[in-house]
1. Given a 1.4 angstrom probe, what's the average accessible area per residue across the range 465-584, in square angstrom?
2. What does the extension gain come out to for residue 122 and residue 595, with contour length at 0.36 nm per residue minus their alpha carbon separation?
3. Using a simple spin-label model with points 7 Å from Cα along the Cα→Cβ vector, what separation in nm is obtained for residue 460 and residue 203?
4. How much accessible area per residue does the range 275-369 have, in Å², with a 1.4 Å probe?
5. Defining a contact as two alpha carbons under 8 Å apart and six or more residues distant in sequence, what relative contact order in percent does the range 194-286 show?
6. Taking the Cβ of residue 323 as the center, what net charge do the other residues with Cβ under 10 Å away carry, scoring Lys and Arg +1 and Asp and Glu -1?
7. Report, in debye and to the nearest 20, how large the dipole of the range 203-338 comes out about its Cα centre when Lys and Arg carry +1 and Asp and Glu carry -1 on their Cβ.
8. Using the Karplus curve 6.51 cos²θ - 1.76 cosθ + 1.60 with θ = phi - 60°, work out ³J(HN,Hα) for each residue of the range 29-39 in order, rounded to whole Hz, and write x for Gly and Pro.
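The values are calculated or read from the model by the stated rules, or taken from the named source; none is laboratory data. Everything numeric here is computed off the predicted structure, so don't read it as measured data. Cβ placement follows ideal geometry from the backbone for every residue including glycine, while neighbour counts extend to all protein chains displayed. To get the accessible areas, we keep the full protein, side chains included, count just its heavy atoms, and leave off ligands, DNA and RNA. Shrake-Rupley method; radii C 1.70, N 1.55, O 1.52, S 1.80 Å.
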Amino acid sequence: VWIVPPMSGSLTEVFHQEMLLYKLKPSYEYMDDPWKTHIWKKDRDRKVSADRPKRKFGFRELARAVKFSAKLMGKALARRVKCTILYATETGKSERFARSLCEIFKHAFDAKVLNMEEYDPIYLEHEQLLLVVTSTFGNGDPPENGEAFAKSLHEMKTPHNTQNGEPLSMSYFKMSTPSESDDKGDTSPDTTGNLDADDGPLANVHYSVFGLGSRAYPNFCAFAHFVDNMINSLGGMRINKMMEGDELCGQEESFRQWAEETFKTACETFCVGDDSSISEATSSLSKTDFTWSPGKFRLTPADKEPKITEALSKVHNKTVLPCKLIERTQLQSQNSSRQTILIKLDTYGASELAYVPGDHVAIFPKNSPDMVESILARLHNAPPADQIIKTEILQEKSTPLGSSKIWEQVEKIPICSLRTAFSRYLDITTPPSINMLKQLASQATWESDKDRLENLANDIHAYEDWKHERNPNLVEVFEEFPSLRVNPTLLMTQLPLLQQRFYSISSSPKAYPGEIHATVAVVKYNTMGGVGPVHEGVCSSWLNKCDIGETIPCVVRMAPSFHLPDDSTLPVVMVGPGTGIAPFRSFWQQRKIEREMLPPPTHGEKQGWGEMSLYFGCRQSTVDHIYESELNACAKEGVLSQVNVALSREPGKKKEYVQDLLKKNSQQIFESIMKKGGHFFVCGDVGMASDVTTTLSKIIQEHGKMTSEQAQSYLLKLRESNRFHEDIFGVTVKAEVTDKARDQAKKAWKYINSTNKSTRTDEVVTRIPSAEILIQNRKRRPPSRNRSHNVYSEGVPLYDSSDSLSPEH
Ligand SMILES: Cc1cc2nc3c(=O)[nH]c(=O)nc-3n(C[C@H](O)[C@H](O)[C@H](O)COP(=O)(O)O)c2cc1C
């Protein structure tokens, strides 16, 4: 090639550069559009003369080609292996995980996600690939929407052992769940499956289970283990070992790991997908459809917003009804450093809010207005805070004729103002997730803020430590990173939903028709082991401050395993320190009104009302002995045969806890429960419940002349026959226990990571004891103020009321 200056070629110097053109073969070439050049079979034999004009393709031909390829695609998709993903959740995390899992599996399978409640177990036998993602609640129980599925599995396993429509004892979850993973320390994927797979109704089902839970609970991931064991014993073939995700440490990371492994093994098992599709699929874990990016979401003005209860019903997929706050009473003395309130709600006679003593009420709270204001102040390019808006997503819709982009409403957030969204629908108090931090990094204008946010988001250990130490809410994150100015659509679409808080109902429907009472401890604590900023419980502080007459959105949740026995001649022992007394108020009110209205019961040879004895615990008789006058009146009338109060900080008296009183009255308890076939109820935090169970086991050993193993199996039988009832609150144990549990969780998680990824860790890993052992082994420290607090978690401390339940009464 000669390069000649453009002007005066003869006067100026001439430059030239030789160039060579190589054409390397084989090579990829652009192809002519096939619909323009393709010759249909029938035309092939015809001689196409060179001078014949090129055939033009009209709409008919194009449509034919599109139809043909759509049919081919349809056939290919129909041949895909079906994959059913079932989830059960209480606060929504398992559902989120299940949906991300579906995004991965869609790359090679015909995957769909279903809530366990919507799934008909009749189809189980016909599943090819079944994946289960579930949390555990209560004390080793399934989430509410997993209960029916659990029963179906149990019935499949032991068809003759169901109790004619009677609720089955939930204890079988615990019994069938020897937390194997803790014992073996073996975390490698189990692809061996079930060796007895040939016999069993689920012999053709390949499956794997992921459990969400918290190591701070004795029955860690018990329900997930139950599902895993049940499917396995019904013949199911495990394609990957069940994995646990601990909310105290690395839950998301564990899920990612399990999801990747499970996808790989599933592809191998069914001979689908290749390496590139596997890596493409797993990378979709971090960018699901609803991940935020600028321009993907928008806020548009809207006319009318739905009522809060209607919107909440839609968002949470349950019927949320309005109640009215009619009364609030402070139950502790004015000198107390803590507050417990009794709230009375008017249900407007709604039949959906009918309940039985022992049931729970779920309250949908409102965030603190000050926090909402601070968040609104940090939004960038936001519409006015009170303007009604609709949140929309730009969705790519593919049709047989191609794809097009349209704006669709994001169903997660109802039409409302930004202020309402942050007050009523979005969770602004739970520490942001790793993904959220990544996205927030893009909104920081200072490099230093951006770098730190990215570092936190990329270093899982630094993130976990930061989250655990500060438990930061969104406002504190904004304070820590002052340059953050956030696009409102990022928060609207990425923040988790504000969840309901459950309280044990404290009234009898017979004594107070049309009313629901709840006993609520007002949660307030300092983060960072007592030296950080004050955090308040969302629901309890709202209930403590809102006006009388305010609408409180509610749902009643049945707790069939915590109901009084049908046979009222049987003795009942109730143990409930602090706000653990809540459900027992509904019991004594019910008994009082029944005694007034009904003749004394008879059951076989037994006659008369069974004894009801209460074990209550608090700090000081003059400070936090809640419901004292009501209890005294009931004792006087004979409604309660005994009221035993343990005082842990009474001046001039030895510390006493409910367990000590149980020991003192051990002979009597043995008579009531073992001899007379009575029922034992415990309500309170997990640490106390665990101590009480140990005490009861010792009483059985001592008075029943049994070995420790015999006493344990007797306790199991009590649970089985629905005579040992527990209503366990969210983790509220002292910081020391939570810290210990978390340290163990951290070790477990590091260990799992190290074995799976074959990386060396310098940390000496000890075998992980279960939380129960941790709790049993803990040494009581001298009481320290402000140290008890709710569990740190990405999830919510569901029971706001738990603060006062620490064993430090
Ligand atoms: C009241 C309450 C009880 C709980 N009980 C248990 C339990 O017994 N075992 C366990 O492993 N986790 C327990 N957890 C922890 C939850 O399983 C954990 O928060 C999980 O991440 C929630 O997932 P979800 O949003 O899908 O329901 C409990 C949490 C709360 C608030």
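1. 28
2. Net length gain for the segment: 165.7 nm.
3. Distance between the two pseudo-spin positions: 3.9 nm.
4. 51
5. Here the relative contact order equals 30 percent.
6. Working: positive: 324, 344; negative: 346, 515, 550.
Local charge sum for residue 323: -1.
7. 800
8. Whole-Hz 3J(HN,Hα) from phi for the range 29-39: 10, 5, 9, 5, 4, x, 5, 8, 10, 4, 10.
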